[in-house]
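The values are calculated or read from the model by the stated rules, or taken from the named source; none is laboratory data. These numbers were taken from a predicted model, which means no experiment stands behind them. Because the Cβ atoms are built from the backbone with ideal geometry, glycine has one as well, and the counts that use them run over all protein chains shown.
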């Protein structure tokens, strides 16, 4: 598998600054490597390690880019469960698809389906869907026949698929995150990707297990931005970071790994900013991106058990500063 960082280094003109605030730039860069990298990951004998490496290297350059790559990677993983003949028909969908099913972590029904022969009629609201005008397709989650369904559809505005204005955010605005109102939206039963008992998705680690990989990329960039005159601090941070990376693929340690990566990233980015001085507050300073993305990735994919761990730890946590 090629190194994505070596791939990026070949192109000095890649606009990573605007990649985080301009969806057209993000889409252009993503399309350059998305399909080939996912194919290499899917064909790898060590898939989990390759996913970690790719996410870490991409987030070193851009958190928005790594987040979009992860969205498509997750969609592809679901689509790959289909029979080979069905998968061939969805070749265009596989590498151009986002996800909107995180709400399934909540037992509340956000979108309800009604049987209509060969189709399902959907009504309700999808609260979060990133990648509008970046992806052409979307995997959506809903409740139907007292089960959790995930199906694919076109990611385009219509009377029955009403896409909101792009949400205004202080981080990764290029993700073009929207909410979607489904008003008797018709979807074919043949578009179904997954059927599970209600509550199944909440018990899956899913993208939650990937977040530390994105955060380690941010931490590596932060360490590199610290001046070499703080070599002792840089070495200390690097040792702690390696300890986290060693456990990053251990599913039994994912909650603790997320917690430790969050704490260490806050320490690294804060030290990076303080040691840099006043210019670190400038909006075009790389430290600003790292600081905001650190928060973004600490929020993404948080299930109730992870939130509980965060809450308990925050009570006992003593600052290292």
Practice prompt. Scan the stretch 260-302 residue by residue and report those that are over 20 Å from residue 210 (Cα atoms) and not in a helix (DSSP H, G or I).
Written response: 277, 282, 283, 284, 285
Worksheet item: touching a helix residue (DSSP H, G or I) at 6+ places or on another chain (Cβ under 7 Å), modelled with pLDDT of 90 or more and part of a helix (DSSP H, G or I), is that true of residue 216?
Response: yes
Discussion item. Being in a loop (DSSP other than H, G, I, E, B) and touching a strand residue (DSSP E or B) at 6+ places or on another chain (Cβ under 9 Å) is the filter here; which residues of the stretch 103-118 pass it?
Written reply: 109, 110, 118
Practice prompt. Look through 24, 81, 89 and report the one residue that is surrounded by fewer than 16 Cβ atoms within 10 Å (Cβ to Cβ), in contact with a strand residue (DSSP E or B) (Cβ under 8 Å, 6 or more places away or on another chain) and on the phi < 0 side of the Ramachandran plot.
Written response: 81
